[in-house]
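For reference, the structure is listed below as structure tokens.
The values are calculated or read from the model by the stated rules, or taken from the named source; none is laboratory data. Note that the structure is predicted; figures quoted are calculated from it, not measured. Neighbour counts are summed over all protein chains in view; Cβ atoms, including those assigned to glycine, are modelled from backbone coordinates with ideal geometry.
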Amino acid sequence: MAPGAMLAETFRYRGLLRNLLARDLSVRYKNSVLGFLWTLLNPLFLMLVFTVVFQILLPTPIEHFPVFILIGLLAWNFNVAGLIGSIHSIVGNADLVKKVYFPREMLPLSVVLASLVHFLLALVLVFVMLPLSGIPFTPLLLWLPITLVFQTCFVAGAGLMLASVNVFFRDTEAIMDVVILAWFFLTPIFYSLDVLFDKEIGPFNLGRVMHLLNPMASFISTYRLVLIDLAPPDPAFLARTFVVSVLTLVAGYVIFKRLEPRFGEEL
């Protein structure tokens with residue numbers, strides 16, 4: 001099937017995507033006492049823990065640290081929830097995949113979109129804390145949806161890759177557990193990316209390497225730049241982030257569609 005025809009088919013099934021999204025949103029908090037409140041309480045508790053550690057036990061000079069760490073945690077949680085959920089999306093719906101025809105990419109995409117919805121709802125906490133921290137709202141907030149789109153493209157592309165690979169290699173989740181742990185510490189969540197620009201690894205500047213090789217470092221830094229530092233992102237940096245996000249989405253979609261015909265026999 002030609003790429004255009006595949007995209008058209010995916011678009012025709014957008015109603016199914018809405019239904020899967022609604023299912024994922026409802027299942028997430030099924031039998032949960034706190035329900036949606038946990039989406040807010042979880043990052044708040046983590047923010048308090050990190051604030052105690054890095055403001056009292058190991059003081060850091062970062063200004064507005066509570067909102068600083070909250071932005072990093074929310075963006076990171078969106079990334080992890082989208083990727084880990086995508087890994088199980090095909091294998092976990094094996095009966096549906098084998099019995100009914102539909103574009104299989106709807107399954108990981110619905111997981112990513114559900115994670116995006118929770119991210120957007122949790123951002124309410126950031127908008128509450130900004131004025132409490134003395135940070136005004138400015139027109140720079142218009143950069144926020146642009147960055148959100150870039151991150152969603154990246155997570156969707158990586159999620160499509162992981163979902164398809166996991167059909168053939170079931171230890172993908174175990175490998176990703178290790179990767180995500182290392183990725184967490186290599187991402188400027190509880191520290192500023194600026195400190196890495198003062199460090200060199202041979203001929204390479206650690207901060208620039210992190211910007212180039214770690215998309216999550218770019219996303220989180222951009223969120224903080226427009227929300228806390230009140231400065232516009234560098235156009236060249238933003239263009240590079242856009243290219244990485246789109247390439248990841250395209251590569252993920254192509255790999256997924258190449259492997260999709262073999263899902264049935266593998267499941």
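From the set of residues in the range 166-183 that are in a helix (DSSP H, G or I) and without any contact (Cβ under 8 Å) to a residue 24 or more places away in the chain, which is surrounded by the most Cβ atoms within 10 Å (Cβ to Cβ)?
Narrowing the range 166-183 to residues in a helix (DSSP H, G or I): 166-168, 172-183.
Those still in the list that are without any contact (Cβ under 8 Å) to a residue 24 or more places away in the chain too: 174-175, 177-179, 181-182.
On the way: ALA174: 9, ILE175: 14, ASP177: 10, VAL178: 9, VAL179: 12, LEU181: 10, ALA182: 9.
My answer is ILE175.
Might you check whether a residue that is modelled with pLDDT under 90 and surrounded by fewer than 19 Cβ atoms within 10 Å (Cβ to Cβ) occurs anywhere in the range 244-253?
no
Across the range 112-143, what is the number of residues that are part of a helix (DSSP H, G or I), surrounded by 15 or more Cβ atoms within 10 Å (Cβ to Cβ) and touching a residue at least 40 places away in the same chain (Cβ under 8 Å)?
Just the residues of the range 112-143 that are part of a helix (DSSP H, G or I), to begin with: 112-132, 139-143.
Of the ones still in play, those that are also surrounded by 15 or more Cβ atoms within 10 Å (Cβ to Cβ) are 112-119, 122-123, 125-126, 129-130, 140, 143.
Narrowing the set further to residues that are touching a residue at least 40 places away in the same chain (Cβ under 8 Å) leaves 112-115, 117-119, 122-123, 125-126, 129-130, 140, 143.
The total comes to 15.
Could you say whether any residue in the range 193-207 is assigned to a helix (DSSP H, G or I), at pLDDT 80 or above and aliphatic (A, V, I, L, M)?
no
Of everything in the range 115-159, what is within 11 Å of the chain's Cα centre (by Cα) and among the small types (Gly, Ala, Ser)? Give them in sequence order.
Correct list: SER115, ALA156, GLY157, ALA158, GLY159.
Please go through the range 222-238 and pick out each residue that is assigned to a loop (DSSP other than H, G, I, E, B) and either touching a strand residue (DSSP E or B) at 6+ places or on another chain (Cβ under 6 Å) or more than 16 Å from VAL149 (Cα to Cα) (or both). Explain how you work it out, then say what you get.
Taking the range 222-238 and keeping what is assigned to a loop (DSSP other than H, G, I, E, B), we get 228-234.
Correct list: ILE228, ASP229, LEU230, ALA231, PRO232, ASP234.
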